[in-house]
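These notes concern the structure reproduced below.
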Amino acid sequence: MIREQRQSLTPLRRQWLLVLIGYLAVLLAGGNLLAQFWGAQHALQWTVLAASAMAVQMGVLWWALPQNRRQGSSAGTTDVALLPNLGYANTLTLLRGLLTCLLAGFLFAPLPGGALASAPAILYTLERLIDFANGYVARITRSETRLGEILDIEFDGLGLLIVIALGIQYGKLPPWYLLLGFSRQLFVLGMTLRRRAGKPVYDLPPSEHRRMIAGFQTGFMTVMI
């Protein structure tokens, strides 16, 4: 059974490798381009930080590949086949992840001058626009999966942390705002502690208010950076 599972994961792992190569190609090209306008030192730092964010995302993707099943199923479900392709919706999520990596490269560096000064805001705005389209694409293509849900949650949490850190770095947000950036991580920690304590853990109920608040937060962060 383990051997069958490994064989079924093989196509997805090949796609994971292609995604990794695509990420690396874009990061290397971006680093070379930035070296011409921002200096070699800043370009190298940008590349290292962007690659660090990429490593986190690729780790999450590799770990969650067995969850590439229709929404409502899990890796332990025997009557629901593992989908062999990542699909359109997950591809859009990975494109969002790539933009987040590019955004992460600007951490711990002065705001670049000239045309590059608007790069962080443009990257975050594009990432948010793709996120809005992502759910729609998943529904019309009937490609909603547990993998996509995991990637959305984890990539959103990482992106929010990065953009808040940039807002603080550029003097647009107070330092205490970083607590919001760690909200996803703190939530996961709280869930873990409850499980270890033997206490019940429940899924969050559906709420339109969360979507509304997230939309306002997205607009606010875009303006701030």
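The values are calculated or read from the model by the stated rules, or taken from the named source; none is laboratory data. Keep in mind the model is a prediction, meaning the values are calculated, not measured. So basically every Cβ, Gly included, is an ideal-geometry build from the backbone, and we count neighbours across all protein chains shown. When the accessible area is computed, the model is the full protein with side chains, heavy atoms only, and any ligands, DNA or RNA have been set aside. Shrake-Rupley method; radii C 1.70, N 1.55, O 1.52, S 1.80 Å.
So what is the 222 nm mean residue ellipticity for the chain from helices alone, if each DSSP H run of at least 4 adds -39500 (n - 2.57) and you divide by all residues, rounding to the nearest 500 deg cm²/dmol?
-24500 deg cm²/dmol
Using a probe radius of 1.4 Å on heavy atoms only, what accessible surface per residue do you get for the chain? Whole Å² is fine.
I get 59 Å² per residue for the chain.
Quick one: P(r) of segment 63-194 from all Cα-Cα pairs, 5 Å bins, percents rounded to integers, in order of increasing distance.
Percent of Cα pairs in each bin: 2, 10, 17, 17, 17, 14, 11, 7, 4, 1, 0, 0.
Got a number for carbon plus sulfur as a percent of segment 134-201's accessible area, 1.4 Å probe?
Looking at segment 134-201 in its full context, I get 62 percent from C and S.
Along each of the three principal axes of the Cα atoms of the chain, give the extent in whole Å, ordering the values from largest to smallest.
Principal-axis extents of the Cα atoms in the chain, largest first: 56, 37, 36 Å.
Once the dipole of segment 94-225 is set up with Lys and Arg at +1 and Asp and Glu at -1 on Cβ about the Cα centre, which of 124, 158, 103 lies farthest towards its positive end?
158
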